[in-house]
1. With springs only between Cα atoms under 10 Å apart, run a GNM on the chain and tell me which of 132, 104, 163 wobbles the most.
2. Kindly write out, for segment 4-10 in residue order, the coupling ³J(HN,Hα) from the Karplus curve 6.51 cos²θ - 1.76 cosθ + 1.60 (θ = phi - 60°), rounded to whole Hz, with x marking Gly and Pro.
3. For the chain, modelled as a Gaussian network with Cα springs under 10 Å, which listed residue fluctuates most, 150, 134, 56?
4. In deg cm²/dmol, rounded to 500, what helix-only [θ] at 222 nm does the chain give when every DSSP H run of at least 4 residues adds -39500 (n - 2.57) and the total is split over its residues?
5. Take the cross-link list 49/132; 67/124; 86/132; 105/163; 66/86; 49/124 and give me the ones stretching past 27 Å between alpha-carbons.
6. Using only alpha-carbon positions, what ratio does the radius of gyration of the chain give when scaled by 2.2 N^0.38 Å?
7. What is the dipole size for segment 1-140, taken about its Cα centre, with +1 at each Lys and Arg Cβ and -1 at each Asp and Glu Cβ, in debye to the nearest 20?
8. Leaving out ligands, DNA and RNA but keeping every protein chain, what accessible area does residue 23 have, in Å² rounded to the nearest 10, with a 1.4 Å probe?
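The values are calculated or read from the model by the stated rules, or taken from the named source; none is laboratory data. Since the model is a prediction, treat every value here as computed from it, not as a measurement. When we count neighbours, we look across all protein chains shown, and the Cβ atoms used for this are built from the backbone with ideal geometry, even at glycine. Keep in mind that these areas ignore ligands, DNA and RNA; they rest on the heavy atoms of the full protein, side chains included. Shrake-Rupley method; radii C 1.70, N 1.55, O 1.52, S 1.80 Å.
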Amino acid sequence: VIESGLISDAQMVPVIYAGQSHERFLPALPGTEAYRMGYMVGDGTGSGKTHVLLGILLDNWARGRKKAIIVSAGADLIGGARNVWKLMGQNPDDILSHGDMDGKKEILNKQGILFSTYKLLTMKAQGNDGQKRIDQATKWLGDDFDGVIILDEAHKMGNSIAKKGKRGKSKPST
């Protein structure tokens, strides 16, 4: 990927920093487990964030962490992610469309990158007795999950939970 020029030197910097961060753990409180450190990429439009984010995923993939989630504002962005993943020499089918899956069924893939949206994660599966799609994704990750969760366009998470304020309770946006 580096030798091909698919990721520029400037794009490689956050991939390296994220990789260094992911090798460290946050201190744990007594009786709790330590969590792997995260990393935030705040690059602007047109900087090649898809290449950076998939470079971070590829680095983790090479380290054996072969389950990940990308949460995006729109499901239509999966095509671009699959194209870049393929250019990186990976199987585009590794990127799983959460929206194309039956929300009532368990995700059976042993590895992959689950591509979901903020809106989908707040929804319940049709005809299901209340299972939310986020519960489906969490169950797939498992208790031993040690991979990457990418929150693309993270500012779109604003107002994603109900909260009580001075003027009463506000509902989450969808």
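1. Maximum among the listed residues: 163.
2. 6, x, 4, 10, 6, 4, 5
3. Judging by the Gaussian network model, the answer is 134.
4. -9000 deg cm²/dmol
5. Beyond 27 Å between Cα atoms: 49/132; 86/132; 105/163; 49/124.
6. 1.10
7. The calculated dipole for segment 1-140 is roughly 360 debye.
8. Counting only protein heavy atoms, the figure is 90 Å².
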